[in-house]
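Reviewing the structure listed below.
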Amino acid sequence: MSIELFYGILFAVAFFYAAVGHGGASGYLALMALYGVAPEEMKPTALVLNLFVSLTSFIQYYRGGYFIRKLFIPIAAASVPLAFIGGMITVEENIYKRILGVLLLFPIIRFFFFRNAEDHELKEQNIAVAVITGGIVGLLSGMIGIGGGIILSPILLLLKWTNQKQTAAISAAFIFVNSLSGLGGMLTQGIHFTDDMMMYVIVAFTGGLLGAYFGSKKFNQNVLKYVLATVLLMASYKLLFTKA
């Protein structure tokens, strides 16, 4: 893969993820794994990119009035400390790639099979379940180097606590705080960034900024979901069933 192609795909990943309210770490990780970046560099790099992209996405959806604070707070309160602990855990490279491949199945299932709940179908949130969910997702997020939105989103939709745009707003905020916490945990063990980190940030931030704008205001969300799910399916297969 040429560096030009890498940056082109990185831009597209940030664009499409931000358009559906995600930071994109799972996509960045899959791309870097296929490009041959070492896991110890992949995790912190993906989280830094997450910070920029998820924040731009959250701002757009927050302005649209889709953020539910009372649901976000208990989920984040449990998730943030466990994301910090997860960030301190080092996973062996082959196991790491297999776990990432499995986690990519979450957004694939969400985008292909979960329809957007209508407002009259939404149910009251259960705080205890929200806290437990946040804690589990936070720990996994810190270990793998993702913000956790790809796991949280399908759970929110399955429980019918939020509609699609509310899910996007909560996920974006969740991704931001978890990414920050996960990075904090990694700092205790030492962080290694790629040499091209600054260019990664510029490309991803630009893609995320445009994706968040068009996703919240212009695009058909269903088309975006299917495109992104197809790309992630190919990446998941590569990580799970090939050695390279």
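Could you tell me which of Ser26, Gln125, Pro107 has its Cα farthest along the dipole of the stretch 20-125 towards the positive end, charges placed at Cβ (Lys, Arg +1; Asp, Glu -1), taken about the Cα centre?
Going by the charge dipole, the pick is Gln125.
Determine by what factor the alpha-carbon radius of gyration of the stretch 40-85 differs from 2.2 N^0.38 Å, reporting the quotient.
Rg over 2.2 N^0.38 Å, computed on Cα atoms: 1.39.
How big, in percent, is the set of alpha carbon pairs in the stretch 90-198 lying more than 18 Å apart?
Above the 18 Å cut-off, the stretch 90-198 has 55 percent of its Cα pairs.
What are the ³J(HN,Hα) couplings of the stretch 155-169, residue after residue, when phi is run through the Karplus curve with 6.51, -1.76, 1.60 and θ = phi - 60°? Round to Hz, x for glycine and proline.
So the J values, rounded to whole Hz, are 5, 4, 6, 5, 6, 6, 8, 9, 8, 4, 6, 5, 4, 4, 5.
Kindly write out, for the stretch 53-68 in residue order, the coupling ³J(HN,Hα) from the Karplus curve 6.51 cos²θ - 1.76 cosθ + 1.60 (θ = phi - 60°), rounded to whole Hz, with x marking Gly and Pro.
After applying 6.51 cos²θ - 1.76 cosθ + 1.60, I find 6, 5, 5, 5, 5, 4, 4, 5, 6, 5, 4, x, x, 9, 7, 10 Hz.
Would you compute, from DSSP H runs of 4+ residues alone, the mean residue ellipticity of the chain at 222 nm, taking -39500 (n - 2.57) per run and dividing by the full residue count, rounded to the nearest 500?
-25500 deg cm²/dmol
What figure in square angstrom, to the nearest 10, would you give for the accessible area of Tyr226 with a 1.4 Å probe?
For Tyr226, the solvent-accessible surface is approximately 110 Å².
I want to check the label-to-label distance for Ile127 and Phe241. Put each point 7 Å from Cα in the C-beta direction and report it in nm to one decimal.
4.6
In a Debye calculation with equal point scatterers on the alpha-carbon sites of the stretch 66-147 and no solvent, what is log10 I(q)/I(0) at q = 0.10, 0.14, 0.17, 0.26 Å⁻¹?
Listed by q, the Debye log ratios stand at -0.32, -0.61, -0.84, -1.20.
Could you tell me how far the Cα centroid of the stretch 129-175 sits from the Cα centroid of the stretch 182-214, in Å?
The stretch 182-214 and the stretch 129-175 have Cα centres spaced 20 Å from each other.
Measuring with a 1.4 Å probe in the full set of protein chains, what accessible area per residue, in whole Å², belongs to the stretch 56-173?
44
Taking +1 at the Cβ of each Lys and Arg and -1 at the Cβ of each Asp and Glu, which of Ser153, Gly64, Ser54 sits farthest along the dipole of the stretch 16-164 towards its positive end, judged by Cα position relative to the Cα centre?
So the residue furthest toward the plus end is Gly64.
Would you mind telling me the share, in percent, of accessible area of the chain contributed by carbon and sulfur at probe 1.4 angstrom?
Reported share for carbon and sulfur atoms: 67 percent.
With Kirkwood's inverse mean 1/r over C-alpha pairs for Rh, give me the Rg to Rh ratio of the stretch 156-214, two decimals please.
1.09
Using the Kirkwood radius over C-alpha pairs as Rh, can you work out the diffusion coefficient of the stretch 1-155 via Stokes-Einstein at 25 °C, viscosity 0.890 mPa s, in µm² per second?
150
Check Trp161: other-chain or 5+ apart residues with amide H under 5 Å from its amide H, H built from backbone geometry?
Amide H neighbours of Trp161: Lys123.
To the nearest 10 degrees, how steep is helix 3-19 against the longest Cα principal axis of the chain, on a 0 to 90 scale?
Compared with the principal axis, the helix lies near 10 degrees.
Kirkwood Rh over Cα pairs of the stretch 1-51 into Stokes-Einstein at 4 °C, 1.567 mPa s: D in µm²/s?
Result for D is 119 µm²/s.
The values are calculated or read from the model by the stated rules, or taken from the named source; none is laboratory data. Because the structure is predicted, anything quoted here is derived from the model rather than measured. All Cβ positions, even for glycine, are placed from backbone atoms using ideal geometry, and neighbour counts span all protein chains on display. All accessible areas refer to the heavy atoms of the entire protein, side chains included, with ligands and DNA or RNA removed. Shrake-Rupley method; radii C 1.70, N 1.55, O 1.52, S 1.80 Å.
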